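Readers should treat all values here as calculations from the given coordinates under stated rules, not as data from a laboratory. Note that this is a predicted model, so its numbers are computed, not measured. Using ideal geometry, Cβ is built from the backbone for each residue, glycine included, and neighbour counts are taken over all protein chains shown.
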Amino acid sequence: MALIGNLRHRPVRRLTHLFVGLVLYGFSMALMVRSGLGLNPWDVLHQGLSRLTGLSMGTVVIAVGALVLLAWIPLRQRPGLGTIANVIVIGLAVDATLALLPAGGPLPLRIGLLVAGIVGNGVATALYLGARLGPGPRDGLMTGLVARRPDLSLRLIRTAIEIGVLALGAVLGGTVGLGTIAYALAIGPLTQLFLRPFDVAEPNPPAPERIALAPTT
C-alpha cells in the first residue's frame, strides 16, 4: 500500500476520517483505562509496560507501535500514511485524555465509561479503516504474517498474538477484567456495523484492499 497514493480519491474526507478516528481511538482507550474494569489485550500490555517503566501510557503506545512497525520489514509490509499517523496520534490522544479525566468513581460511572469506551473504539476503528490509508502497526503485523504463512488463518494468528500480549501484559500488571471479555465480544460486530457508513471506497478497489478492511473477530 503506497504511503499517499490513496489520497488522490476524496483526500479531505479520507484525512478527516483518519485523524478523527485516531483521536477518538485514543480517547476511547482512556475511557476504558479510567473504568478500571479491563482493557483489550494490547492495552493490557501497554498499561503493564507503563507501570513497569514509569512512562506514560501514551508514550508506551507510541514506542510499542514503532517496534511493531519495525517487524514489518522482514514481512515486506508497506506502511500507509494512516499507519504512521496511527503510531503517533493515538498515544498523544490517550495521554491528553488521561490527564483530563480523573480516576475512580462509583461502579455505575465506571461501567458507563467502559461501555462508552468500547462503542467509541468500534466507531474509531471503522473511521480509520474506512479511510483506507493504511492499517495500524498491529493489524499490519497480523496481515503480514498471514501473507507469509497462507496455511494459517488470520483468526488463528490474531488469536495467538492477542493471547500472548494479554498474558504478558497481565504478568506486568495490566488490568484484565470483564471489560476485556466485553471488548473481545463486541468490537468485531461494532466495527462491522460502523464500517459501512464510514468506508470511503475507491472505484473498483483491488481485492487485497477489500480483504484488509474486513474486521476480524
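A few remarks follow.
- The chymotrypsin sites (Phe, Trp or Tyr not before Pro) of segment 20-115 include none that DSSP puts in a loop with a beta carbon having at most 11 other beta carbons within 10 Å.
- Spacing of the two label points (7 Å from each Cα toward its C-beta) at V20 and I73, in nm: 3.7 nm
- Residue among A126, A96, A160 with the largest mean-square fluctuation in a Gaussian network model of the chain, springs linking Cα atoms under 10 Å: A160
- Rounded to the nearest 10 degrees, the angle from helix 178-198 to the longest Cα principal axis of the chain is 30 degrees.
- Look at where the Cα atoms of segment 133-169 and of segment 91-108 average out, and the two centres are 28 Å apart.
- Angle between the chain longest axis and helix 154-171 axis [Cα atoms, degrees, rounded to 10]: 30 degrees
- Cα-based helix-to-principal-axis angle, 81-100 vs the chain, degrees rounded to 10: 20 degrees
- Added length on full extension, which subtracts the Cα-Cα distance from 0.36 nm per residue, A66 to T53: 3.0 nm
- Among 170-183, 141-154, the order from most to least packed when residues are scored by Cβ within 10 Å on average: 170-183, 141-154
- Placing a label point 7 Å from the Cα of V171 along the Cα-to-Cβ direction, the residues of segment 19-50 whose backbone N falls under 20 Å from that point are 39-50.
- Comparing G80, G174, T97 along the charge dipole axis of the chain, the residue lying farthest to the positive side is G80, per the Cβ-charge model.
- Length gained when the stretch S153-Q192 is fully extended (0.36 nm per residue, less Cα-Cα span): 12.1 nm
- Look at the alpha carbon pairs under 8 Å that are at least 6 residues apart: their mean separation over the length of segment 12-212 gives a relative contact order of 40 percent.
- Taking P135, P11, P74 in turn, the Gaussian network model of the chain (Cα-Cα springs below 10 Å) assigns the largest fluctuation to P74.
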